[in-house]
1. Run the quick spin-label model on Met107 and Thr67: label points 7 Å from Cα toward the beta carbon, then report their separation in nm to one decimal.
2. Could you check which residue among Gly45, Gly15, Gly109 shows the biggest mean-square fluctuation in a GNM of the chain with a 10 Å Cα cutoff?
3. In terms of the Cα gyration tensor, with a ≥ b ≥ c the square roots of its eigenvalues, is segment 62-144 rounded because a/c is under 1.5, prolate because a/b exceeds b/c, or oblate?
4. Give the carbon-plus-sulfur fraction of the accessible surface of segment 93-165 in %, rounded to a whole number; probe 1.4 Å, heavy atoms of protein chains only.
5. Positive end of the dipole of segment 5-144, charges at C-beta (+1 Lys, Arg; -1 Asp, Glu), about the Cα centre: which of Ser93, Val48, Phe68 has its Cα farthest in that direction?
6. If Lys84, Lys138, Lys2 are ordered by their accessible area, calculated over protein heavy atoms with a 1.4 Å probe, which sequence runs from highest to lowest?
7. Counting only protein chains, not ligands or nucleic acids, how are Asp173, Asp127 ordered by accessible area (probe 1.4 Å), most first?
8. Could you work out how much longer the chain between Glu170 and Glu12 gets when fully extended? Use 0.36 nm per residue separation minus the Cα distance between them, nm to one decimal.
Amino acid sequence: AKWTAAANLCDEIVGDERRYRCSIMLDCMAQHGENISSIQNSCGGMIVDGIDGSWPLVGHDQIIAMTFTDDDLIQSAPVTFQAKRSMANLINSISGNYPEPSEIWSMVGYEPQISAAHIAVDRRTRDLSMDFPQIRSKRQATQLASIYRYENRFEATATVTLCPRFQVLEPGDWVEW
């Protein structure tokens, strides 16, 4: 059911085309994970591993499953929190190429995704070149670059222990603190 839900999200019409399309030849000589990574990159996805198997989360707004506060933390358990990531890991600009069908499948540039606000905060440009050889749509390549740029700026990470009422959460559920 979770794989079907992810496929249905990819098939939704955005503008005049499907949200995500993938044009790729799977390589039998490549590692299985490399082929899966190429498919994941084409939909801004990630694989979630749980007790009952693995399933994809597609690059789409996720529903917040639960909200917790400091009062929901187990007070005797350790809490680790990191507010910022290393500057070496942050980017504020993504550009690259994708194969354009109308240009005889030549690699052409999609619209670069640049954040002037993040450049000001970082005090310099931190570029990332990201090609999408499996994407055949300028809109989709631009959208994916935007997703990856935005995702890169999620900096805070935490490890917490919550009270028992949160046992209903499953891997892949989004929460808000």
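The values are calculated or read from the model by the stated rules, or taken from the named source; none is laboratory data. Bear in mind that the values here come from a model prediction, so they are computed numbers and not experimental data. Counting neighbours? That spans all protein chains shown, and the Cβs are built from the backbone with ideal geometry, glycine included. Only protein heavy atoms, including side chains, enter the accessible area calculation; ligands, DNA and RNA are left aside. Shrake-Rupley method; radii C 1.70, N 1.55, O 1.52, S 1.80 Å.
1. Each label point lies 7 Å from its Cα, and together they span 4.5 nm.
2. Gly15
3. Prolate shape, in that a/c is at least 1.5 and a/b is the bigger ratio.
4. Taking all protein chains in place, segment 93-165 shows 54 percent carbon and sulfur surface.
5. Ser93
6. Output order, biggest surface exposure first: Lys84, Lys138, Lys2.
7. Asp127, Asp173
8. Stretched out fully, the Glu170 to Glu12 stretch lengthens by 54.4 nm.
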